[in-house]
Each structure stands twice: as structure tokens, then as C-alpha cells.
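Everything on this sheet refers to the single structure shown next.
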Amino acid sequence: DTGVSQDPRHKITKRGQNVTFRCDPISEHNRLYWYRQTLGQGPEFLTYFQNEAQLEKSRLLSDRFSAERPKGSFSTLEIQRTEQGDSAMYLCASSTVAGRYEQYFGPGTRLTVT
Amino acid sequence: KNQVEQSPQSLIILEGKNCTLQCNYTVSPFSNLRWYKQDTGRGPVSLTIMTFSENTKSNGRYTATLDADTKQSSLHITASQLSDSASYICVVSGGGSYIPTFGRGTSLIVHP
């Protein structure tokens with residue numbers, strides 16, 4: 001399967017702990033996006049990369065959130081000092097620059113903060 | 001402000017019936033509109049993508065329409081199946097940003 005993959009699929013953590021999620025985009029896609037989705041809502045944009053450069057960040061991305069894409073391939077999203085309000089589905093999507101409007105989504109990582 | 005509104009919020013239909021989901025947007029200038037299907041606990045999967053010049057596009061039993069003048073789109077599902085039970089999300093690109101605007105989705109439940 002050459003689609004977007006995310007790891008882990010589920011994560012349960014205690015409040016105050018740090019968590020890190022990984023996203024592997026489709027190999028030829030140089031744009032990578034992170035979204036957060038809560039129950040009954042559409043995905044909310046967090047940040048996106050073109051190759052290794054982080055080009056835009058949402059105001060939703062507080063200081064506790066950081067994302068990297070060090071070699072322009074996979075990306076990580078880290079949440080420090082998790083809070084219960086961080087509980088959500090974290091989605092990753094990728095696209096080519098030419099097809100930048102056609103985003104392919106991964107299966108998501110479900111985070112539960114207890 | 002770029003916004004996408006979807007209706008209804010939820011819908012329950014019987015298997016075999018048709019249904020239509022609505023999407024209104026204020027994104028300007030408009031680039032394209034996509035409909036995604038999202039099964040529970042999964043990532044969204046693209047159904048159709050429509051640009052300014054396209055009025056109708058079909059993908060199997062799914063038919064999307066676009067009226068760029070009134071900034072409205074619809075997704076029509078024909079002969080619904082149990083597997084159509086999912087959330088359907090309307091996504092509009094444009095507004096001077098590469099970041100698309102997502103609707104909240106319509107939750108569709110198909111009963112046998």
C-alpha cells in the first residue's frame with residue numbers, strides 16, 4: 001500500500017505527558033499537512049510543509065505543539081504537556097505541488113488524554 | 001472570512017433510497033470544491049473534485065453538482081447502500097490560500 005500512513009493509530013496518555021506522532025506521505029508528494037479533528041467536526045488545519053520547509057502554521061498550533069519534516073519525507077507532530085482538550089483525531093495529508101488541491105489523507109492517530 | 005456550511009447535519013435513510021447533501025460556501029476567489037467520505041475512525045477519502053467550469057461530476061453512485069454563481073454544491077447518492085453510512089465533508093479551496101476550508105460534514109446513516 002503506497003498511501004499515506006500514520007503511526008500510531010491510537011494513543012492513550014496521561015495529562016502532562018509528551019506524545020509524538022509520525023506521518024509517512026505518498027513518496028512523490030512534497031507537500032504534507034497536519035489537521036486536528038474532534039468528534040462531529042471537520043478537520044482543522046494545523047500546519048503544512050513543502051519539502052522540509054514549514055510554510056504555514058495555524059493559530060491553533062500553540063507553543064506546546066511542534067512539527068518537523070527534517071528530510072522532506074516523513075513528518076512528526078509532537079505535543080508537549082498534553083491537556084485533556086488535546087484529545088482528538090490527528091490527520092496527516094499529502095499532495096504534490098502541481099496537484100496541491102488534491103490531498104490524500106492518512107488513517108489518522110486517535111489521541112486520548114486522561 | 002472563508003466559510004463552508006453543510007446541511008443537513010445528520011441524515012437517516014433506508015437502504016436503496018436516494019439522498020442529497022448540501023454545501024454552501026463563501027470562499028473567494030474560488031479554486032475548486034471537493035467532497036470527501038469519511039468512515040468512522042478513518043481518514044477522509046476523496047469522492048469528487050470540481051473546478052469553476054464544471055457543473056456536474058459523477059463517481060459511481062455519487063453525483064456532485066456545482067453552481068459557482070450561487071456558491072452552492074450538492075452531493076447526490078443514488079440507491080444507497082449500508083456502506084454509504086459515513087460522514088461526508090465538503091472542502092473548498094481558494095480564498096487566496098493553499099489551505100482549504102472544511103465543512104463540518106453531514107453524518108449519513110443508512111438503515112437496512
Site residue A:51, offset 7 angstrom along Cα→Cβ, radius 13 Å on amide nitrogen, limited to the range A:14-44, gives A:30-31
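Using the Kirkwood radius over Cα pairs, work out the Stokes-Einstein diffusion coefficient for the range B:1-57 at 25 °C and 0.890 mPa s, in µm²/s as a whole number. Mind showing how you got there, number by number?
Working: Rh = 13.5 Å.
Approximately 181 µm²/s, per Stokes-Einstein.
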Spacing of the two label points (7 Å from each Cα toward its C-beta) at residue A:18 and residue B:61, in nm: 4.9 nm
With label points built 7 Å along Cα→Cβ from the Cα atoms of residue A:97 and residue A:76, find their separation and express it in nm. 2.7 nm
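Go through A:64-71, B:61-68 and give me the packing order, highest mean Cβ count within 10 Å leading. Numbers along the way, then the final one.
Values: A:64-71: 15.1, B:61-68: 17.4.
Result, highest mean first: B:61-68, A:64-71.
Based on a Kirkwood Rh over C-alpha pairs, give the Stokes-Einstein translational diffusion coefficient of chain B at 4 °C and viscosity 1.567 mPa s in µm²/s.
Stokes-Einstein gives a translational diffusion coefficient of 93 µm²/s.
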What average count of beta carbons from other chains do you get within 10 Å of the Cβ of residues in A:41-48? 5
Compare the peptides A:76-87, A:21-32 by average per-residue count of other Cβ atoms within 10 angstrom and give them in order, highest first. A:21-32, A:76-87
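So which of A:11/B:37; A:57/B:37; B:1/B:57; B:37/B:57 end up more than 22 Å apart by C-alpha? Numbers along the way, then the final one.
Numbers: A:11/B:37 24 Å; A:57/B:37 26 Å; B:1/B:57 27 Å; B:37/B:57 15 Å.
Over 22 Å Cα-Cα: A:11/B:37; A:57/B:37; B:1/B:57.
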At R0 = 25 Å, FRET efficiency that the Cβ-Cβ distance of residue A:84 and residue B:10 yields, to 0.05: 0.45
Name the residues of the range B:78-99 whose amide N is less than 11 Å from a point 7 angstrom out from the Cα of residue B:42 along the C-beta direction? B:83-87
On a C-alpha basis, how far is the centre of the range B:12-52 from the centre of the range A:2-33 in Å? Whole number, if you could? 25 Å
Anchor residue A:71: aspartates and glutamates whose Cα lies under 14 Å away (excluding residues fewer than 8 positions away in-chain): A:24, A:28, A:52
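Using the C-alpha atoms of the protein assembly as shown, what convex hull volume per residue, in cubic angstrom, is computed?
Numbers: hull volume 28.2 nm³, N = 226.
Cα convex hull per residue, to the nearest whole number: 125 Å³.
Where a number appears in this text, it was derived from the coordinates with a stated rule and is not lab data. The structure presented is a predicted model; accordingly, all values stated were derived computationally and were not measured. Cβ coordinates were reconstructed from backbone atoms using ideal geometry, including for glycine residues, and neighbour counts include every protein chain displayed.
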